[in-house]
Amino acid sequence: MLIGAFFAFDLGHYFTLDYFKSQQAAIAAYYAAQPLRTAAIFFIVYVIVTALSFPGATVMTLVAGAIFGLWWGTIIVSFASSLGATLAFLASRYVLRDWIQRKFGDRLAAINAGIAKDGPFYLFTLRLVPVFPFFVINLAMGLTPIRTWAFYWVSQLGMLAGTLVYVNAGTEIAKIDSLGGILSPTLLVSFTLLGIFPFIAKQLVESIKSRRVYARWPRPARFDRNVVVIGAGSAGLVTAYIAAAVKAKVSLVERRRLGGDCLYTGCVPSKALIRSAKFLAQARRARKLGMTSADVQFDFARVMERVQRVITAIEPHDSIERYTKLGVDCVIGDAKIVSPWAVEVTTATGTRTLTTKNIVIAAGARPFIPPIPGITDIKPLTSDTVWSLRKLPARLVVLGGGPIGCELAQCFARCGSQVTQVEMLPRLLMREDAEISTMVMQQFRAEGVAVLTGHKAQRVIVENGEKILVVENDGRESRIPFDELLCAVGRAANTAGYGLEALGIPTTKTHTVELNEYLQTAFPNIYAAGDVAGPYQFTHTASHMAWYAAVNALFGRFKKFKVDYSVVPWATFTEPEVARVGLNEQEAREKGIAYEVVKYDLAELDRAIADEEARGIVKVLTAPGSDKILGATIVGEHAGDLLAEFVLAMKHGLGLNKILGTIHTYPTLAEATKYAAGAWKRAQVTQGQVDFLATFNAYMRDDTGVSSVLGKLPELLRDKRRAYAPDAKP
Ligand SMILES: Cc1cc2nc3c(=O)[nH]c(=O)nc-3n(C[C@H](O)[C@H](O)[C@H](O)COP(=O)(O)OP(=O)(O)OC[C@H]3O[C@@H](n4cnc5c(N)ncnc54)[C@H](O)[C@@H]3O)c2cc1C
């Protein structure tokens with residue numbers, strides 16, 4: 001009611017500087033006559049304004065300076081604002097919880113994470129550095145576990161400096177009696193202080209934090225390098241490349257071979273195997289293309305040799321020779337961080353210590369083997385080891401229904417293995433919408449993969465020399481005999497054994513290196529990028545992060561960039577391919593984001609029909625009532641490639657109208673994105689608009705009235721055209 005009254009009776013105008021100035025003389029007179037009462041009334045009004053989160057606290061702080069002067073003003077405001085803030089905090093904690101969660105949910109996530117990590121110190125920095133509005137902090141903190149008393153005193157302490165600055169500015173405003181007064185040097189200094197205060201406060205906080213973390217480590221006077229990069233996978237290579245390109249002195253330390261997972265055990269071999277397996281599947285569909293038959297003979301060992309040939313063909317892109325030529329000092333050895341400024345490298349010939357201004361950790365991840373009894377005894381295959389197979393397993397169990405498990409399950413089934421895919425969750429590709437998972441699962445089943453979702457692997461046993469996986473579903477156990485088991489249940493970041501523990505660099509709940517938005521670890525000169533840090537584990541996100549790590553490490557003193565994950569695409573290269581950027585329905589609902597959805601069925605696309613690939617979907621989420629793209633999922637042939645148009649559109653803020661207004665070559669699969677935009681446009685047309693057009697066109701068909709005039713328009717225009725024709729007689 002109070003909040004309603006505030007706005008209904010426009011009480012806000014009492015909290016403007018103009019109003020105060022118009023009443024300044026009267027207030028000053030009242031204060032001279034009744035100093036205590038004035039202070040008490042001011043105090044109570046201030047508490048009410050802040051407790052109810054009304055706009056006006058800033059103006060009141062300035063006014064306090066004007067009425068009470070610097071010291072009394074500061075004391076009154078300091079207590080009133082802390083008390084009001086605490087009342088708002090309590091209201092939020094006990095009354096407004098649900099509403100605040102809905103309204104400020106996105107900002108709350110960041111604040112909650114900060115409180116969990118640093119407790120009251122985090123609140124102190126929030127108070128000191130006003131990046132969040134004063135009232136949002138009060139309300140948001142009510143939803144965190146912080147204690148009321150801690151909230152009160154940390155708020156009072158944290159806000160003191162800011163209060164002083166504002167009250168001081170207020171004392172100067174009170175003295176202004178002419179326009180010239182605005183330019184008084186003291187006032188200018190006050191406002192400059194106001195402006196630069198957040199930056200000074202931020203620097204102060206950062207310097208306190210960094211002193212705390214570097215306290216144990218003596219800093220060398222000079223460094224041999226600008227940056228040492230640990231790990232030469234996608235993230236490390238790109239970091240080193242950028243550093244060398246800007247002529248920084250960079251050492252890239254790799255314990256095995258340059259190229260990392262992507263080249264040797266990840267993207268490259270998997271995509272090479274997928275290509276061969278796809279050929280086999282297409283040959284089986286030969287009749288659909290009008291062939292009588294296409295009998296393909298193949299040898300699994302030769303297919304796997306081809307995979308190695310592909311790796312060898314790409315290897316030079318990531319070679320020591322290439323990177324050395326680019327100016328990178330490549331060191332083959334085991335890296336260990338021994339201080340924030342030194343990396344010890346154990347090479348074949350001995351140990352060296354590299355001193356460096358910055359370190360970028362790009363140590364990657366490894367396949368995670370879950371603690372299932374008996375699993376390690378049978379030496380399961382993983383994405384690390386599967387590439388050395390030369391004999392096709394007759395019966396293969398694939399553990400895991402994520403992208404890696406799905407890609408490999410389909411490949412092996414197409415090569416002729418009898419594949420059973422076991423997934424604990426209710427469906428494959430759990431991050432995608434249910435209908436997308438279903439499309440993939442139906443295709444897998446049609447190709448002979450036994451997909452067991454909702455099945456939990458219990459143990460691996462060996463009976464009479466036969467390996468058996470025991471799984472549980474709905475309280476019932478069943479047994480799956482197999483020759484090989486491929487474990488693809490996730491990837492664990494490499495965070496142990498190279499110095500993070502000794503330095504005390506924290507890791508997250510998901511066991512990746514903990515970073516801030518600039519990709520800095522707890523030590524501001526130590527960065528991380530790629531799989532070791534997440535949150536996405538893709539080659540393109542590794543290189544994306546590498547750019548931020550390299551640029552922030554080398555130039556962060558002048559300008560730091562926050563890593564931007566707003567438009568992250570990815571694809572699962574199964575058949576049908578699944579590609580996504582931005583939100584899908586599942587995520588939009590989880591995050592409480594309103595959306596509209598439009599779908600285009602690839603069964604209707606001419607090129608897909610001609611190619612016998614007419615299956616799949618383009619699904620686009622838009623902001624309600626607008627063509628702004630919130631996310632897109634494509635399922636079907638070359639989905640990963642088709643997605644690029646949506647990625648570009650989202651990155652540069654282009655809506656579906658822009659895609660619709662762009663010529664797409666006929667007949668291509670790429671037209672699918674335009675048709676999805678067309679489907680969206682049609683959905684926007686209201687019945688009223690349709691009725692209007694029908695009436696208009698009916699009117700135009702009628703030869704009487706206005707329509708007869710309109711009907712003559714073409715003729716009139718023709719005359720005009722003739723008048724402009726060079727050879728025409730007027
Ligand atoms: C089967 C499979 C398929 C995949 N397919 C795709 C795909 O299609 N598209 C996609 O985008 N992503 C794909 N990925 C993921 C992609 O491979 C990874 O996200 C990417 O390789 C991560 O790069 P990175 O630099 O973070 O780590 P890595 O490539 O793992 O590199 C880390 C390097 O650090 C080295 N290292 C670690 N510790 C030390 C140390 N102490 N001293 C020296 N060196 C050290 C390691 O030897 C390694 O070479 C796939 C992954 C797998 C497993």
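For segment 384-403, a tally of residues being closer than 18 Å to THR453 by Cβ and not in a loop (DSSP other than H, G, I, E, B) returns 5.
For segment 65-75, give me each residue that is under 21 Å from ALA88 (Cα atoms) and in contact (Cβ under 8 Å) with a residue 40 or more places away in the chain.
Here is the first cut: in segment 65-75, the ones under 21 Å from ALA88 (Cα atoms) are 74-75.
Correct list: THR74 only.
Among residues of segment 384-396 that are acidic (Asp, Glu), those with a beta-carbon under 7 Å from a residue that is within 13 Å of the ligand (Cβ to nearest atom) and part of a loop (DSSP other than H, G, I, E, B) at least six positions away or on a different chain give the pairs ASP384/THR265. For LYS560, the stated conditions hold: it is surrounded by fewer than 19 Cβ atoms within 10 Å (Cβ to Cβ) and under 30 Å from LYS249 (Cβ atoms). Going through (1) within 22 Å of LYS202 (Cα to Cα); (2) at pLDDT below 75; (3) open to solvent by 20 Å² or more (accessible area, probe 1.4 Å) one by one, LEU108 falls short only on (3). The conditions of being over 30 Å from ASN112 (Cβ atoms) and either open to solvent by less than 30 Å² (accessible area, probe 1.4 Å) or charged (D, E, K, R) (or both) are not met by PHE89. Looking only at residues of segment 404-432 that are surrounded by fewer than 23 Cβ atoms within 10 Å (Cβ to Cβ) and not in a helix (DSSP H, G or I), we find that the one that is farthest from the ligand (Cβ to nearest atom) is PRO426.
Say whether the condition of being more than 22 Å from ASP531 (Cα to Cα), outside any helix (DSSP H, G or I), touching a Ser or Thr at 6+ places or on another chain (Cβ under 7 Å) and aliphatic (A, V, I, L, M) is met by at least one residue in segment 582-594. The answer is no; no qualifying residue exists.
Within segment 470-515, the set of residues being within 11 Å of the ligand (Cβ to nearest atom) and open to solvent by 50 Å² or more (accessible area, probe 1.4 Å) comprises ARG491, ALA496, GLY497. Entry remark, segment 1-40: residues being in a helix (DSSP H, G or I), of a type outside the set (Phe, Trp, Tyr) and modelled with pLDDT of 85 or more number 12 in total.
Pull up segment 210-250, narrow it to residues that are in a helix (DSSP H, G or I) and farther than 20 Å from TYR548 by Cβ, then point me to the one that is most open to solvent (accessible area, probe 1.4 Å). I'd like the intermediate steps shown before the answer.
First pass over segment 210-250, keeping only residues in a helix (DSSP H, G or I): 210-214, 234-245.
Pick out the ones that are also farther than 20 Å from TYR548 by Cβ and you get 211-214.
Values: ARG211: 181, ARG212: 149, VAL213: 36, TYR214: 40 Å².
Here the answer is ARG211.
In segment 522-555, what residues are small (Gly, Ala, Ser), assigned to a loop (DSSP other than H, G, I, E, B) and at pLDDT 95 or above?
Of all residues in segment 522-555, those small (Gly, Ala, Ser) come to 522, 528-530, 533-534, 542-543, 546, 549-550, 553.
If we keep only those that are assigned to a loop (DSSP other than H, G, I, E, B) as well, we get 522, 529, 533-534.
Across segment 522-555, the qualifying residues are ALA529, ALA533.
Scanning segment 277-302 for residues that are open to solvent by less than 20 Å² (accessible area, probe 1.4 Å) and within 16 Å of the ligand (Cβ to nearest atom) yields a single hit, ALA277. Applying a threshold of 6 Å to beta carbon distances and a minimum spacing of six or more residues, or different chains, the list of pairs starting in segment 527-539 at a residue that is near the ligand (Cβ under 7 Å from one of its atoms) and ending at one that is open to solvent by 30 Å² or more (accessible area, probe 1.4 Å) and polar (S, T, N, Q) reads ASP531/GLN537; VAL532/ASN494. Looking across segment 304-348, the residues that are out of contact with any strand residue (DSSP E or B) (no Cβ under 7 Å at 6 or more places or on another chain), of a type in the set (Val, Ile, Thr) and within 16 Å of the ligand (Cβ to nearest atom) come down to VAL307, VAL310, ILE311, ILE314.
The values are calculated or read from the model by the stated rules, or taken from the named source; none is laboratory data. A quick note: this is a predicted structure, and the numbers were derived from the prediction, not measured. Note that we place each Cβ from the backbone using ideal geometry, even for glycine, and neighbour counts take in every protein chain shown. SASA here: full protein model, heavy atoms, side chains in, ligands and nucleic acids out. Shrake-Rupley method; radii C 1.70, N 1.55, O 1.52, S 1.80 Å.
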